[in-house]
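Only one structure is covered here, and it is reproduced in the block below.
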Amino acid sequence: MLKPESMLHSILGSIRSDIRPLACAIEIAKHLLFSQHFDMDDIKVTKHIYSYVAKELQKTPYAVAKAIERLTPLCWNALVLKDLLPVYIGDPSMQMPPPKTLIIYLAVYAHFEIPFSLAVELYPDILFPSVLSTYFPTSLSNIDIMKVLRCAQPLPVIYREESYPICPNCSNKLIRTFQHYCDHCSQCLDWSHYKTTKSLTSSE
């Protein structure tokens, strides 16, 4: 397992910003996922991460949030510029996620030392424990579990520069706006960020 601070140094190189808030957030996320067995979706960044980082570093939660909001774009840009998205995340075409999501991606990499997308395929029972125990019989294989997870776990739809929506799981163009599932891979889709936008151009 990698230490988050060492991992961030390898991604960011030498920078003036204090990386301790983000490193501490990754360590806490790793503890929540792999020691306390939280589902990824159940982790609340303010309640479960920022408040504990603030105690650890003797800062206010607001100061911690601001520091991490500054550091996560720097980290993402470094991953893109150094062509490290396939190494840490697995999907080189992914757009920058919210800070909480990137913290979780890096916590998963720090724990398994494999890309997040591969970790989800190999260890869905670790990353989604309550979902699996609630909905899936133990006889299902990991491959079967991943198929069902795609139907149960909504992912936000992605828009390319050409302004058409694509599936966040398989990267195929979606046929209709606001469709609930991808026609190609059955991924459950989250349109909440786009329901009020005027830039939707796919046919209804």
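What follows is calculated from the coordinates using simple rules that are stated; it is not laboratory data. As the structure is a prediction and not an experimental result, all values here were calculated from the model. Backbone-built Cβ (ideal geometry, glycine too); neighbour counts: all protein chains shown.
Considering only DSSP states other than H, G, I, E and B, which trypsin sites (Lys or Arg not before Pro) in the stretch 35-119 qualify as loop sites with at most 15 other Cβ atoms within 10 Å?
Working: sites: Lys44, Lys47, Lys55, Lys59, Lys66, Arg70, Lys82, Lys100; in loops: Lys44, Lys59, Lys82.
Here the sparse-neighbourhood loop sites are Lys44, Lys82.
So how long is each side of the stretch 12-78 along the principal axes, counting just the alpha-carbon atoms, biggest first, in Å?
Taking the Cα atoms of the stretch 12-78, the three principal extents are 34, 25, 16 Å.
Please get the size of the charge dipole for the stretch 1-43, origin at its Cα centre, with Cβ charges of +1 on Lys and Arg and -1 on Asp and Glu, quoted in debye to the nearest 20. It would help to have the intermediate numbers written out before the result.
Details: 4 positive and 6 negative charges, 60 e Å.
That gives a dipole near 280 debye.
Would you mind classifying the stretch 1-136 by shape? Square roots of the alpha carbon gyration tensor eigenvalues, ordered a ≥ b ≥ c; an a/c under 1.5 is rounded, otherwise it is prolate if a/b is larger than b/c and oblate if not.
oblate
Evaluate the distance, in nm, between pseudo-label points positioned 7 Å from the Cα of Gln95 and of Ile15 along their respective Cα→Cβ axes.
Simple spin-label model gives 2.1 nm for this pair.
Are any of the pairs Lys30/Lys100; Lys44/Lys66; Lys30/Lys55; Lys3/Lys30; Lys3/Lys44 more than 19 Å apart by Cα-Cα distance, and if so, which?
Lys3/Lys44
Once you place label points 7 Å from the Cα toward the Cβ at His31 and Glu121, how far apart are they in nm?
For the pair His31/Glu121, the computed spacing is 3.3 nm.
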